[in-house]
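Asks: What follows is a structure written as structure tokens; I'll ask about it next.
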Amino acid sequence: MAKVKGAVVVDTEQCKGCDLCVVACPSDVLSLSKEANAKGYNYSFMSSPDDCVGCAACAYVCPDACITVYKVKI
Amino acid sequence: MNIIDSANLVYRKTPVMTDLTMHYCPGCSHGVVHKLVAEVIDEMDIQDKTIGIAPVGCAVFAYKYIDIDWQQAAHGRAPALATAVKRLLPDRYVFTYQGDGDLAAIGTAETIHACNRGENIVIIFINNGIYGMTGGQMAPTTLDGMKTATSPSGRSVPLNGYPLDMTKLLAELDGTCYVTRQSVHSLGAVRKTKKALRKAFENSMLEKGTSVIEVVSTCNSGWKMTPDESNKWMVENMFPKYPMGDLKDR
Ligand SMILES: Cc1ncc(C[n+]2csc(CCOP(=O)(O)OP(=O)(O)O)c2C)c(N)n1
Ligand code: SF4
Ligand code: SF4
């Protein structure tokens with residue numbers, strides 16, 4: 001059966017740590033980092049990268065267009 | 001396996017948005033709506049044929065973020081300015097982008113008359129229930145009982161009147177062709193809002209009249225909640241008064 005695997009790239013300097021992508025992800029892939037970016041925001045990152053299905057829910061709801069999404073069939 | 005490769009791209013920031021960091025608070029609905037407007041302009045390939053009218057309010061700098069031609073109107077006057085622009089340049093896609101203070105308070109007359117004349121423009125109406133930019137004061141759209149900077153114990157109908165459903169009023173006017181109410185709090189909602197925006201932009205070239213898209217929105221810093229709490233509060237409290245869906249489509 002064809003499976004999909006996704007990955008996201010977060011623009012960590014543009015991210016404002018609003019948490020909306022974390023909440024929107026159906027696979028609990030994202031978390032806010034303990035590290036802060038130059039503006040002082042705890043940016044989003046893939047804490048469970050293996051679970052990403054590339055659905056782009058996170059990217060659609062991001063108010064600051066910080067997320068780029070990739071997907072492959074394997 | 002390398003997933004992160006341009007051949008596998010499914011979503012990226014549209015090039016119709018500029019590289020500037022938007023000044024909006026973290027989690028603000030304005031950012032999502034800006035992005036959707038830019039994506040629709042990108043997909044319709046109308047970047048050089050679109051003119052936006054920026055409001056007074058938090059979105060006053062919208063012209064810095066979407067890479068198209070813009071004018072910036074005095075508070076509430078965006079529909080009047082859009083009327084002039086569209087009549088002088090009828091081959092352009094002309095839209096206003098307005099908050100509820102701008103559209104439903106100081107700009108009530110301009111909004112109603114532009115819609116009643118059936119100007120071939122798109123009106124994007126961001127309803128977050130307060131005056132965001134100036135510090136969260138009560139707006140005509142503020143819900144009954146809702147706490148704001150100028151109604152600290154909650155809006156009181158005997159004192160402040162009823163919350164104003166401008167979109168319902170605009171749907172009654174003969175000049176409007178498409179009136180819809182949407183939101184951007186989830187993947188499904190974002191997709192629907194984008195479809196509505198596209199339809200509205202297309203309508204504006206068909207001489208059908210005015211299209212109005214209300215986006216029921218959050219102002220999490222004004223509401224003094226987290227972005228996620230604001231979305232939940234909006235669904236629970238704003239949606240019963242401002243229900244989702246099309247009010248008119250002709
Ligand atoms: C003629 C005039 N009156 C009042 C103001 C002050 N003012 C600036 S923004 C604003 C309200 C904006 O609220 P809204 O339209 O809801 O937009 P938001 O900031 O919530 O996005 C007011 C009253 C002004 N700039 N000009
Ligand atoms: S693409 Fe989908 S699965 Fe992957 S992080 Fe974003 S929301 Fe989660
Ligand atoms: S939605 Fe965007 S700005 Fe908010 S935490 Fe996620 S990546 Fe950052």
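What follows is calculated from the coordinates using simple rules that are stated; it is not laboratory data. Remember, it's a predicted structure, so these values are computed and weren't measured experimentally. Positions of Cβ are generated from backbone atoms using ideal geometry, with glycine treated the same way; all protein chains shown enter the neighbour counts.
Asks: Identify, from the list B:ASN116, B:ASN127, the residue that is away from ligand 2 (no atom under 16 Å from the Cβ), over 22 Å from B:PRO243 (Cα atoms), touching a Leu at 6+ places or on another chain (Cβ under 9 Å) and in contact (Cβ under 8 Å) with a residue 40 or more places away in the chain. Give the derivation first.
Replies: Details: B:ASN127 fails: over 22 Å from B:PRO243 (Cα atoms).
After ruling out the rest, the residue left standing is B:ASN116.
Asks: Do the conditions hold for B:MET146, that is, is it away from ligand 3 (no atom under 16 Å from the Cβ), over 30 Å from B:LEU89 (Cβ atoms), in contact (Cβ under 8 Å) with a residue 12 or more places away in the chain and part of a helix (DSSP H, G or I)? Talk me through it step by step, then tell me what you get.
Replies: Details: away from ligand 3 (no atom under 16 Å from the Cβ): yes; over 30 Å from B:LEU89 (Cβ atoms): yes; in contact (Cβ under 8 Å) with a residue 12 or more places away in the chain: yes; part of a helix (DSSP H, G or I): no.
No: the conditions fail for B:MET146.
Asks: Looking at A:LYS16, A:LYS5, which one is crowded, with 17+ Cβ neighbours inside 10 Å and touching a residue at least 60 places away in the same chain (Cβ under 8 Å)? Even if it seems obvious, please write down each step before you answer.
Replies: Values: A:LYS16 fails: touching a residue at least 60 places away in the same chain (Cβ under 8 Å).
Being crowded, with 17+ Cβ neighbours inside 10 Å and touching a residue at least 60 places away in the same chain (Cβ under 8 Å) holds for just one of A:LYS16, A:LYS5, which is A:LYS5.
Asks: Same structure again: Filter the stretch A:5-49 for residues that are within 11 Å of ligand 2 (Cβ to nearest atom), in a strand (DSSP E or B) and more than 10 Å from chain B (Cβ to nearest Cβ) and give the result.
Replies: A:VAL10, A:LEU30, A:SER31, A:SER44, A:PHE45, A:MET46
Asks: For A:ASP64, work out the one condition from (1) more than 10 Å from ligand 2 (Cβ to nearest atom); (2) in a helix (DSSP H, G or I) it doesn't fulfil.
Replies: (2)
Asks: Just need a number here: residues in the stretch B:1-46 that are aromatic (Phe, Trp, Tyr) and free of Cβ contacts under 8 Å to residues at least 24 places away in the same chain. Working first, answer last.
Replies: The first filter runs over the stretch B:1-46 and keeps only residues aromatic (Phe, Trp, Tyr), leaving B:11, B:24.
So of that shortlist, the ones also free of Cβ contacts under 8 Å to residues at least 24 places away in the same chain come out as B:11.
So the answer is 1.
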